Amino acid sequence: MAASNENLKNMIGQEYKDGFVTDIESDSFPPGLSEDVIRAISAKKDEPEFLLEWRLEAYRHWLTMKHPEWAFVEFPKIDFQEISYYSAPKSMEDGPKSLDEVDPELISTYNKLGIPLEEQMRLAGVAVDAVFDSVSVATTFKDKLYEAGVIFCSFSEAVKEHPELIKQYLGTVVSQYDNFYAALNAAVFSDGSFVYIPKGVRCPMELSTYFRINAANTGQFERTLIIADEGSHVSYLEGCTAPMRDENQLHAAVVELVILKDAEIKYSTVQNWYPGDENGVGGIYNFVTKRAECREENAKVSWTQVETGSAITWKYPSVVLKGDNSIGEFYSVALTNNYQQADTGTKMIHYGKNTSSTIISKGISAGHGQNTYRGLVKMGRNAENARNYTQCDSLLMGDQCGAHTFPYIETKNPSATLEHEASTSKISEDQLFYCMQRGISAEDAVSMIVNGFCKEVFKELPMEFAVEAQALLGISLEGSVG
Amino acid sequence: MLKIENLHVSVEGKEILNGINLEIGAGEVHAIMGPNGSGKSTLSYILAGREGYDITEGRVLFNGKDLLDMSVEERAWAGVFLAFQYPVEVPGVSNIYFLKAALNGIRKHEGLSELDAMDFITRVKGKMKDLDMDEKFLYRAVNEGFSGGEKKRNEILQMSVLEPSLCLLDETDSGLDIDALQIVAEGVNRLRDPNRSFVLITHYQRLLDYIKPDYVHVLAHGKVVKSGGPELALELEKHGYAWVEEKLAS
Ligand SMILES: Nc1ncnc2c1ncn2[C@@H]1O[C@H](COP(=O)(O)OP(=O)(O)OP(=O)(O)O)[C@@H](O)[C@H]1O
Ligand SMILES: [Mg+2]
């Protein structure tokens, strides 16, 4: 019904709320990419020789690679020589300091984003690693975690303090040649988070990393490595925001998760990079490789993602199920409004016996948004009795947007079972009318119906994040056409 | 309370309501009967503000204000409630969440603060008890997978919690078993109040045995063709609609 669309149209477009710029003096490399730039990054970080070599191998391989064209996204060719590959606040020059020494401007930036870093205001029960452009500016609760044996620090620090763990695990899930953007990341990554949970330890609090892009014309290439040793357990959260700028900015991250026998990682993302304006100008290109390996038996990993930001989201958090009886889960909400594009999904690669995986994907398209689910479920020769359940639901708001589903299946073991369900629906005028007749405003009704649609995913998020995700969804949809 | 004057409504050029006149005073109960397709639901939708209709003539005053000029939510806030002939499912949204959002939406408009969680739950559970509804319905998604009768009962629960001043019930009795009909009717009677009016759209005398109407109207071809007291419903039950048509023709 046309007039109800009017109601939706009239919902006042609310601005991206984290779009401010922090005015801070930065030390940035001039744009450009070469072996010298990579050497310079490595030198800045005082890295051991093996890591520099690893970067250079990645770079030389990257030079031989072609930019992938298969995703259902469109954007102008990226000139990799126009990007600056390193930018850090001047005050961070001498490496991570104690919190008392961190530039107050940075602390207030995180306060504005709702992530207090000061001692007295810290989020209870959540340890935070704050990554600002190319560097980690602070990690809270480090000492308390260390007492429990948990290592939670910036990647740069881990390279210095725990080189043996880095050497043992880096690149073992996503190799430095894996794909175009993973190779680029391996060559130029500047920081990120590192987590090691020792045998039998249940991490005493939630760990989280908050990524912030601030500087213009820089790319953010962070790398996260989480290792859950035998019988351990950790829940990790990741949040992302960036200022509003007219130029597109590249964020090409790599996340590697290693899960050993009987261990479990729960990895949650609320991605709210600047999505560009209502005409599709500006916004972050979010091209990320995330992969988990259930290396031993009974390992479990669960990816939960809520993707509301970025001009383009292109990522497939995946699970390699090597260990027998290991479990992989993927819960995703991806929302595209205005001119946003998302091509996201997962790969579940079953090698072990009795491995099982669950995929729940909820795509919401509004405005001119294009939303693609792309997923692969592969049952290897030895994946005796492996099981997968996939459910892909799309919700369309308006007739300018699109939803696309590309599920791929490869199975080499006849005992494996696969179940796939898919649905596409429109937000129904009857539902809106019903809610509004009960005194619920159009805006609240839309956000309620959409939240209801996403419920199966939201219930997987830790409490504090679920609330934030719901609010975010409401804001991201404002100004959308029904 | 409500005054409908010469209301003409059409959809895609086809006239569905052609000149409805109806006046409903505070505290009154009006029953509207009429054959399938005569425009009863359309009338209730128009009063509630559903989009997609062309109102070509006439006006509707609600407590002296132009009802047709108000948005759907504004009407709800002002006290208009429609119990749907076909209640809508809202997947993933729990009944209790929905009720709370609705009640707080209305309270906010009245300048009242949100009801605190304890008061709210006590109020809702009390009403559920009156309607003999299991509390587990609170945690199920709105109308999802509810049986026909359960949906109808849920509408009355919402009405009881929201306490509107103009209650439009579109065939709330259809689909209810004999016991449920009595429970729902009692629920409605409990809400009767000198400041609250009811419009009962129904096909059956049965409902009117439980809820005594002050007036009965017969709608045919988008027009009120006959009005009278409760006895009109009994006559209709006896003679069918053909009888009205014949009387009109003669
Ligand atoms: N959106 C629409 N488009 C086309 N025709 C419509 C539309 N809405 C209603 N009508 C028609 O208007 C007439 C009245 O419909 P309405 O639902 O109001 O009848 P009713 O009196 O409630 O019938 P019932 O007793 O079967 O519930 C019907 O002929 C119906 O087909
Ligand atoms: Mg009807």
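Taken together, the values in this text are just the output of simple stated rules run on the coordinates, not laboratory data. Only a predicted model underlies this, so the values are computations on that prediction, with no experimental measurement involved. Cβ sites come from the backbone with ideal geometry, for glycine too, and all protein chains shown count toward neighbours.
Applying 1/(1 + (r/R0)^6) with R0 = 60 Å to the Cβ-Cβ distance of residue A:408 and residue B:231 gives a FRET efficiency near 0.25. To one decimal place, what orientation-averaged projected area in nm² is obtained for the convex hull of the Cα set of the protein assembly as shown? Average of the hull's projected areas for the protein assembly as shown equals 35.4 nm². Taking a span of 18 Å or more along the helix axis (Cα atoms) and a mean Kyte-Doolittle hydropathy of at least -1.0 as the rule, the DSSP H helices of chain B that qualify are B:95-109, B:117-130, B:148-162, B:178-191. Counts of other chain beta carbons within 10 angstrom of each beta carbon in peptide A:453-459 average 2. When you filter the GluC sites (Glu not before Pro) in segment A:241-285 for DSSP loop state and at most 12 other Cβ atoms inside 10 Å of their Cβ, you are left with A:247. Given +1 at the Cβ of Lys and Arg, -1 at the Cβ of Asp and Glu and no other charges, the dipole of the protein assembly as shown around its Cα centre is 1460 debye to the nearest 20. Annotation for residue B:248 and residue A:456: the two label points, set 7 Å from Cα along the Cα-Cβ direction, are 5.0 nm apart. Note on segment A:152-263: with charges restricted to the Cβ of Lys and Arg (+1) and Asp and Glu (-1), its dipole about the Cα centre is near 80 debye. In the protein assembly as shown, a dipole from Cβ-located charges (positive for Lys and Arg, negative for Asp and Glu) runs towards its positive end, and of B:168, A:336, A:447 it is B:168 whose Cα lies farthest in that direction. Ignoring solvent entirely, what values of log10 I(q)/I(0) come out of the Debye formula for segment B:87-143 at 0.15 Å⁻¹ when each Cα is a single scatterer? Scattering profile of segment B:87-143, log10 relative to I(0): -0.46.
On the beta carbon distance between residue A:61 and residue A:376, with R0 = 22 Å, the FRET formula returns roughly 0.40. GNM on chain B, alpha-carbon springs under 10 angstrom: the most fluctuating residue among B:113, B:94, B:165 is B:113.
Could you tell me what percent of the DSSP beta bridges with both partners in chain A are antiparallel, to the nearest 5? Taking every DSSP beta bridge with both residues in chain A, the antiparallel ones total about 10 percent. A simple spin-label model places the labels of residue A:81 and residue A:279 3.0 nm from each other, with each point 7 Å out along Cα-to-Cβ.
Once the C-beta distance of residue B:212 and residue B:238 is scaled by a Förster radius of 25 Å, the resulting FRET efficiency is 0.85 to the nearest 0.05. Farthest towards the positive end of the charge dipole of chain A, among the residues A:326, A:267, A:371, is the Cα of A:326, using unit charges on the Cβ of Lys, Arg, Asp and Glu. Mean partner shielding of peptide A:422-434, defined as the number of other chain Cβ atoms within 10 Å of each residue Cβ, is 4. Counted without the sites themselves, the longest stretch of chain A free of trypsin sites (Lys or Arg not before Pro) in a DSSP loop having at most 12 other beta carbon atoms within 10 Å is A:78-380. Separation of segment A:261-339 and segment B:1-53, taken as the distance between their Cα centroids, equals 52 angstrom. Counting 0.36 nm for each residue step from residue A:422 to residue A:43 and taking away their Cα separation leaves a gain of 131.4 nm.
Extending 7 Å from Cα along the Cβ direction at residue B:204 and again at residue B:186 yields two label points whose distance is 1.8 nm. Size descriptor for chain B, Kirkwood hydrodynamic radius: 18.8 Å (Cα pairs only, one decimal). Between the listed residues B:208, B:142, B:6, the Cα displaced farthest toward the positive end of the dipole of segment B:2-249, a dipole computed from Cβ unit charges relative to the Cα centre, is found at B:142. Averaged over the residues of B:69-80, the number of partner chain Cβ atoms lying within 10 Å of the residue Cβ comes to 4.
Annotation: extensible slack from residue A:148 through residue A:389 equals 83.1 nm (criterion: 0.36 nm per residue apart, minus Cα-Cα distance). Segment residue B:119..residue B:66, full-extension length gain: 15.6 nm, with 0.36 nm per residue of separation and the alpha-carbon distance subtracted. Using every Cα-Cα pair within segment A:372-482, state what percent have a distance larger than 19 Å. Counting every Cα pair in segment A:372-482, those more than 19 Å apart make up 59 percent. Placing unit charges on the Cβ atoms only, positive for Lys and Arg and negative for Asp and Glu, gives segment A:171-224 a dipole magnitude near 180 debye about its Cα centre.
A cut-off under 9 angstrom between Cβ atoms defines the neighbours of residue A:357, and their net charge, with Lys, Arg +1 and Asp, Glu -1, is 0.
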